[in-house]
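These notes concern the structure reproduced below.
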Amino acid sequence: MALRLGMLGMWHSHAPGIVRQVAEHPEEFKLVGGYDSDPKTAAERRKQWERLVPGVRVFDKPGQLLGEKLDGVVVEGRVYENLKLARLALEAGKPVLLEKPAGDNLDEHRRLIDLAQRKNLHVQMIYLFRYMSAVTDMLGRARKGELGRVYKFQARLPKDLPSYHRYVDELGRYRGGIFFEMAGHVIDMMVAVLGPPKQVTPFLAHHHTAPPKTFVDNGVAVFGFDHAFGIIEVPALEVAPHARRIEVYGTQGACVIPHLGSGHLANKNIQPIEVYKTGAADWQRIDLPARTLQISDLREFAAVVAGKKDADYRMEHDLAVQEALLRASGMAAESKPKKN
């Protein structure tokens, strides 16, 4: 029987991809309906998704959607409202698939996870690079000890300069700017390899000539671990193609993803990974078949909710990722997002 899903918040750029995967796998999933706090956004999404999900319903209030027969709720609203929407779902007894990042307030996120644990409900983050072929390969090698003792994790996750003004409009209210928006993807991987960081040192700046000068458009953070460093870079100034790179170095080998790809734009059918093992003459390039994004997140959610498996990423992991992200974004102590 198909998993019946509701969507609280329909604004996020990753929401159409979720809906597309639901529509392409009707034997597994069904979208019952959606809600968004902005009626214009809701109307636009209904028009866009009508072809994929004929007769898709849009509700005026979240409670109306939560009153439907649902097996789970996908939260795809604006970052600052998503934790409240997720809490409504948990209070209604529904497990939650939550878009990244997990809000902008760490205490609110902790309270959400506490509620989920008390009610024995699953909350799963949507970090949609998690199930990319190259990422699962890299994490598998690190977890199996193939790289030895990892001493460095480095990632670069840029956004394109032509979309700069859209980033300002959407992210200007957050102190961490573009870094807050994107860094969680790779912090998620870093914590999976090294655990929670002991120290976090951010370097956040505005380096574009365009205003506002308060917008962080270039961020670097250094993370300290007992036996490793992590370095993460997120600029919103990129003009070079194929520049999203991840590197993991250990005492017995190394693994590099030369280009991670995009979360919602077209990617190539092959995703390469470069591997070096101690004693080898040179690096080995492995071309992995690319995996369709977001369907793996949905299937993981369905399997965990059905009790068929333990979660690949525990809620405690997601809390550690969010804390590291907020500390690196200069937002750990904030209770409300900054307004321009």
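What's the total number of residues in region 157-179 that are touching a Leu at 6+ places or on another chain (Cβ under 7 Å), open to solvent by less than 20 Å² (accessible area, probe 1.4 Å) and not in a loop (DSSP other than H, G, I, E, B)?
3
Which pairs do you get when a residue that is at negative phi and in contact (Cβ under 8 Å) with a residue 40 or more places away in the chain, found in region 153-171, comes within reach of a residue that is open to solvent by less than 30 Å² (accessible area, probe 1.4 Å) and of a type in the set (Ser, Thr, Tyr), reach meaning Cβ atoms under 7 angstrom, with the pair 6+ apart or on two chains?
Filtered contacts from region 153-171: LYS159/TYR167.
Just to be sure I understand, how many residues within region 278-314 are under 14 Å from the mean Cα position of the chain (by Cα) and either open to solvent by 30 Å² or more (accessible area, probe 1.4 Å) or within 23 Å of TYR249 (Cα to Cα) (or both)?
Number satisfying all stated conditions: 1.
Taking the stated definitions as given, is ASP137 in contact (Cβ under 8 Å) with a residue 40 or more places away in the chain, open to solvent by 10 Å² or more (accessible area, probe 1.4 Å), not in a loop (DSSP other than H, G, I, E, B) and not polar (S, T, N, Q)?
Considered against the rule, which asks whether it is in contact (Cβ under 8 Å) with a residue 40 or more places away in the chain, open to solvent by 10 Å² or more (accessible area, probe 1.4 Å), not in a loop (DSSP other than H, G, I, E, B) and not polar (S, T, N, Q), ASP137 comes out as yes.
Kindly state which strands (runs of 3 or more DSSP E) lie completely within region 199-272 and contain at least 1 residues that are farther than 22 Å from SER329 by Cβ, more than 18 Å from the chain's Cα centre (by Cα) and among the β-branched types (Val, Ile, Thr).
Once the strands (runs of 3 or more DSSP E) in region 199-272 are filtered for at least 1 residues that are farther than 22 Å from SER329 by Cβ, more than 18 Å from the chain's Cα centre (by Cα) and among the β-branched types (Val, Ile, Thr), what remains is 245-250, 253-257.
Restricting to region 113-134, count the residues that are part of a loop (DSSP other than H, G, I, E, B) and in contact with a Gly (Cβ under 9 Å, 6 or more places away or on another chain).
Residues in region 113-134 being part of a loop (DSSP other than H, G, I, E, B) and in contact with a Gly (Cβ under 9 Å, 6 or more places away or on another chain): 7 in total.
The values are calculated or read from the model by the stated rules, or taken from the named source; none is laboratory data. As the structure is a computational prediction, the values presented were derived from the model and not from experiment. Cβ coordinates were reconstructed from backbone atoms using ideal geometry, including for glycine residues, and neighbour counts include every protein chain displayed. Side chains are part of the model used for accessible areas, which takes the heavy atoms of the whole protein and leaves out ligands, DNA and RNA. Shrake-Rupley method; radii C 1.70, N 1.55, O 1.52, S 1.80 Å.
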